[in-house]
Amino acid sequence: MYLLRDSTHFQWALVPIFAVIAYLYCQEISARKWNVVIAGLAFYGIEWLGEVVNALVLHFSGYAALWAEPGPTAYLVLVGLNIETSLMFLVFGLAVAKLLPARPEKKIFGVPNRLLVILGFSLFSVAVETVLNAWGALTWDYRWWGWPNIWSVILVAYAPAIAFTIWVHDLKSVRHKLWVLGGIYLLDALCLVLFIGVLKWI
């Protein structure tokens, strides 16, 4: 991956994109919707953990990661995560939280609403990834990962991350939410320092 962490590909389009994301978070903060803000950050934190694991699959297999983003990018952070996708994931968690009904016990068409949100977002995300794969922007190199075996992407990648986001959102105490959030980001930081800075595996 010759593009990996090469800053010479920087593009100024990233700056207004980041500004829009900051505005979205500021909107939720000004409305004091801490559940939404923390849920957005929780998804981003758990997503980073998944990306580290994906990069480790490449290292230990010597063949390929579960997914990779080999196309043009302003910055390729990890084998399966470029800066554009990373910024998108900052918004993804907000979207999940915004669609959650206020009452967790409420059912929609007889289905628990949290389960429906997990399934809906997972299917939508895999549909987008299938298109990106067809375009060559996202690669899947294992026969059991990706189309037509989309169940693997849903069960391993998206459903757990979305379920974790919802779980954090629904925690009763903001203090508990922050403890969980802090734990995830600490784990992310330790993994990045260890696997990039010390071992240089990813």
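Of the residues 64, 55, the single one that is part of a loop (DSSP other than H, G, I, E, B), in contact with a Leu (Cβ under 9 Å, 6 or more places away or on another chain) and modelled with pLDDT of 95 or more is 64. Annotation: of all residues in the range 1-53 being touching a Phe, Trp or Tyr at 6+ places or on another chain (Cβ under 8 Å) and among the hydroxyl-bearing types (Ser, Thr, Tyr), the one that is surrounded by the fewest Cβ atoms within 10 Å (Cβ to Cβ) is 7. Determine whether residue 81 is out of contact with any Pro (no Cβ under 8 Å at 6 or more places or on another chain), over 21 Å from residue 177 (Cβ atoms) and buried (at least 19 other Cβ atoms within 10 Å of the Cβ). Taking the combined requirement at face value, the residue satisfies it.
Hey, does the range 155-162 have a residue that's in a loop (DSSP other than H, G, I, E, B), closer than 19 Å to residue 69 by Cβ and either of a type outside the set (D, E, K, R) or in contact (Cβ under 8 Å) with a residue 12 or more places away in the chain (or both)? The answer is no; no qualifying residue exists. Considering the range 172-191 alone, what residues qualify as being surrounded by 15 or more Cβ atoms within 10 Å (Cβ to Cβ), hydrophobic (A, V, I, L, M, F, W, C) and over 17 Å from the mean Cα position of the chain (by Cα)? The answer is 178, and nothing else.
The set of residues in the range 129-154 being assigned to a helix (DSSP H, G or I) and either at pLDDT below 95 or more than 21 Å from residue 49 (Cα to Cα) (or both) consists of 130, 131, 132, 133, 134, 135.
The values are calculated or read from the model by the stated rules, or taken from the named source; none is laboratory data. What you see is a predicted model; the values in this text were computed from it and never measured. Please note: Cβ atoms are built from the backbone with ideal geometry, for glycine as well, and neighbour counts cover all protein chains shown.
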